[in-house]
Amino acid sequence: MAMAVTTSSSSSSSGILSSFPSDLKVNSYDVVRHQMYLNLTTRRTCAIKPLRATESRRSDSVVPLAVSATFVAHKTEEEVITVKEEVVELDYEKLAKELEKASPLEIMDKALATFGNDIAIAFSGAEDVALIEYAKLTGRPFRVFSLDTGRLNPETYRFFDQVEKQYGIHIEYMFPDSVEVQALVRTKGLFSFYEDGHQECCRVRKVRPLRRALKGLRAWITGQRKDQSPGTRSEVPIVQVDPVFEGLEGGVGSLVKWNPVPNVDGKDVWNFLRAMNVPVNTLHAQGYVSIGCEPCTRPVLPGQHEREGRWWWEDATAKECGLHKGNLKNEGSEAVNGSVQANGEVADIFESPNLVNLSRSGIENLLRLEDRRDPWIVVLYAPWCQFCQGMEASYLELAEKLAGSGVKVGKFRADDDQKAFAKSELQLGSFPTILFFPKHTSQPIKYPSEKRDVDSLSAFVNALR
């Protein structure tokens, strides 16, 4: 911090002396200390330099406590110390590139060193406990906050308590507004999200409390990983100016978001947790991977992606709660998953010589037949859907296994302009939907299970063929 020492007039020192009781003897050093206490109006600011963003507003009321500890030398009563503001400008897009090969520990250390007490770790009660372990390993002080929606599993609450005791910290819990929750429940009931989607409930119980929490910070740290949702989170940067939420000083560009583990595979996170003997939520041992609120979270099954345990009754594009809205790739478009070709189209999936690609007329003909020559198993899919991508290997293996068996294996792309037809005629609920067309029955039979491994799919076929 740059400091400038200037000399004041004698009148200023006499004015200071007058502020002490007349019967109290004071020396010149006491006078100067009192002068410093009354006149210190400076602060150290870490200025954010966002690309294509306006300058953030600044609050002169924020004075870090560390400033008062920087003065050491004895001064005479004629000296008044003033401090020049030191502004550190960072280009976070450039910094993200510089840290691309850095370890999570290095990234965490950089984040904590840069923002000190104005940054906090967002902790969900799942495997992101790794962030707290990394923060402890830096040796720096750190803060942790969490969103208590009021609908978490009992195991998660017990885990919070265990983490606090393990690390000697107090988690800063944020709660939803009771009036908003009351209005939502009284109007729509306790489980309205099963009927009209989870976004409204998440907005009340998660997004708005998060917004309040972040208004007291200049930066936050999350456990986002690219492999958590290969499409919607595939472009998560290591550090960025938060494009959605505002920080302490308000306005566009007032908050920085750090993501120390975007390039780390989930299995490597778990290897780290085991190696460091870090406590974990007991729900993980029950098959839960991504953990949220109790009514909206369930264990994942073989062949399923980890996010498929969340809001399972909705399409793949809806499986985000809004906390990381700024990192969703191509938000508002269904083409958010899968590899993209040079012409901008999403590459198709389920490609195999053992599999028939059905057109609209082909699936309609198959649907009309009451006496088919062969039974069929058909997957209704969208190539951008990460859950369709997740079962691709097992479905291709099934096609190879059934080749020459008398059972035809097909696929029908049921998104875009085919979606309404698929919903009304083919029992499409969400992607993927698997149908079996028996040999002598016109009505297709919908695969009822979430297990999409090849053995489960084979058992379904064998039971109906």
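The values are calculated or read from the model by the stated rules, or taken from the named source; none is laboratory data. Note that the structure is predicted; figures quoted are calculated from it, not measured. Glycine also receives a Cβ, built like all others from the backbone with ideal geometry; neighbour counts cover every protein chain displayed. Ligands, DNA and RNA are stripped out before the accessible areas are found, and what is left, the full protein with its side chains, is counted by its heavy atoms. Shrake-Rupley method; radii C 1.70, N 1.55, O 1.52, S 1.80 Å.
Of the residues making up the stretch 216-232, one or more are under 30 Å from Leu95 (Cβ atoms), among the small types (Gly, Ala, Ser) and surrounded by fewer than 19 Cβ atoms within 10 Å (Cβ to Cβ).
Quick one: would you say Asp348 is surrounded by fewer than 21 Cβ atoms within 10 Å (Cβ to Cβ) and within 18 Å of Ile434 (Cβ to Cβ)? So Asp348 passes the test. Taking the conditions (1) surrounded by 18 or more Cβ atoms within 10 Å (Cβ to Cβ); (2) modelled with pLDDT of 90 or more in turn, Pro295 satisfies each one other than (1). Take the conditions closer than 30 Å to Gly429 by Cα, more than 20 Å from the chain's Cα centre (by Cα), among the hydrophobic types (A, V, I, L, M, F, W, C) and open to solvent by 10 Å² or more (accessible area, probe 1.4 Å) and apply them to Val181. Does it pass? Yes. Determine whether the stretch 279-291 contains at least one residue that is among the hydrophobic types (A, V, I, L, M, F, W, C), open to solvent by less than 20 Å² (accessible area, probe 1.4 Å), in contact with a strand residue (DSSP E or B) (Cβ under 7 Å, 6 or more places away or on another chain) and more than 14 Å from Tyr134 (Cα to Cα). Yes, there is a match, as at least one residue in the stretch 279-291 is among the hydrophobic types (A, V, I, L, M, F, W, C), open to solvent by less than 20 Å² (accessible area, probe 1.4 Å), in contact with a strand residue (DSSP E or B) (Cβ under 7 Å, 6 or more places away or on another chain) and more than 14 Å from Tyr134 (Cα to Cα).
Within the stretch 255-272, the set of residues being more than 18 Å from the chain's Cα centre (by Cα) and closer than 27 Å to Gly116 by Cβ comprises just one member, Phe272.
Scanning the stretch 267-288 for residues that are among the hydrophobic types (A, V, I, L, M, F, W, C), in contact (Cβ under 8 Å) with a residue 40 or more places away in the chain and under 22 Å from Leu105 (Cβ atoms) turns up Val269, Trp270, Phe272, Leu273, Met276, Val278, Val280. Of the residues making up the stretch 111-147, those that are touching a residue at least 40 places away in the same chain (Cβ under 8 Å) and over 19 Å from the mean Cα position of the chain (by Cα) number 5. Looking only at residues in the stretch 143-168 that are surrounded by fewer than 22 Cβ atoms within 10 Å (Cβ to Cβ) and among the aromatic types (Phe, Trp, Tyr), the one that is farthest from Pro209 (Cα to Cα) is Tyr167.
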